[in-house]
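Since the structure comes first, as structure tokens, the remarks are kept for the end.
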Amino acid sequence: MTEAERDPLARIRSKTAAVIPAYQDEKHIGDIARRTRERLDHVLVVDDGSTDQTAQRAREAGAEVIVHTQNQGKGEAIKTGLAHWLGTSNPSRREPDSQIGWVVLLDSDGQHLPEEIDRFLAAAASLGTPELDANEAAMHPTFLIGNRMNDVARMPFIRRVVNRYMSSGISWACGQKIPDTQCGYRMLDQQLIPELLGGGDRFDYETEVLIIASRKGYRIESVPITTVYTDQVSKIRPVRDAVRFFKLMWRYRKNS
């Protein structure tokens, strides 16, 4: 009997892949990819049109790499990664025991600690997974998202206020409470991937994903993670992204 057969957590780990969207992040991506590879065998970095050495650093760290020829936005990078692992999960392409059942999403700039992937794996094991009980998973599908709001002392004040405001609005649209909707550290089962290959192409995509999952009957479960802020320059543009947020909320409010 293999370790994966003896240990449910090891079984989940063996069937979990990572997607790391990256853009102009040669400084951090090698370290993040290497540390992620220490926890998962399947790690994909999607270089979203970088002009620096992001792709090269990721390959040197042992990650598989897909490169966009031009910048398309974080949402498109995530979708590229999800589609890649969905294809890998196709039984016609691989042996059943090697199929990917879960995908972890984390950022490339160090704000998400790869070591905390273990927290998501443990949460998935406690909830039941497609690998362990397909019938139960279909009845109670789950989407895991990081929650930094138990560690707000490290979060800049304005981000804390904006995060709470946006999380309140998005929780309403989802019909369930999600304390930290702006967290990009997530884990989802591959059954949901086909539903997530549409939607936005930039930061509003991560918001729309939560609404789509909720309306497909998925519980959004929170996993406590560490709040980390690095020297990376934020790619968020407050005015532009605020406009996108309100447009998205208006669209789903009209359709609710």
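Okay, here's what the table says:
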item: Protection-proxy order for peptides 60-73, 101-114, each taking the mean of Cβ atoms within 10 Å per residue, highest first; result: 101-114, 60-73
item: Solvent exposure of region 5-65 as accessible area per residue, Å², 1.4 Å probe; result: 43
item: Unsatisfied cross-links (Cα-Cα over 22 Å) in the set K15/K177; K15/K79; K79/K216; result: K15/K177
item: Per-residue HN-Hα couplings for region 150-167 [Karplus 6.51, -1.76, 1.60; θ = phi - 60°; Hz; x = Gly/Pro]; result: 8, 9, 6, 4, 8, 8, x, 3, 5, 5, 4, 5, 4, 4, 5, 5, 5, 5
item: Residue-span extension gain [K216 to L197] - 0.36 nm each, minus C-alpha spacing; result: 5.4 nm
item: Highest average packing first - 174-187, 147-160, 13-26, Cβ atoms within 10 Å; result: 13-26, 174-187, 147-160
item: Long-range HN-HN contacts of V223 with modeled amide H, under 5 Å; result: I145, G146, N147
item: I158-V228 pseudo-label distance in nm [points 7 Å out on the Cα-to-Cβ vector]; result: 2.4
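The values are calculated or read from the model by the stated rules, or taken from the named source; none is laboratory data. This one's a predicted model, so the numbers in the text were calculated from it and none came from an experiment. All Cβ positions, glycine included, derive from the backbone under ideal geometry; neighbour counts span all protein chains shown. Ligands, DNA and RNA are stripped out before the accessible areas are found, and what is left, the full protein with its side chains, is counted by its heavy atoms. Shrake-Rupley method; radii C 1.70, N 1.55, O 1.52, S 1.80 Å.
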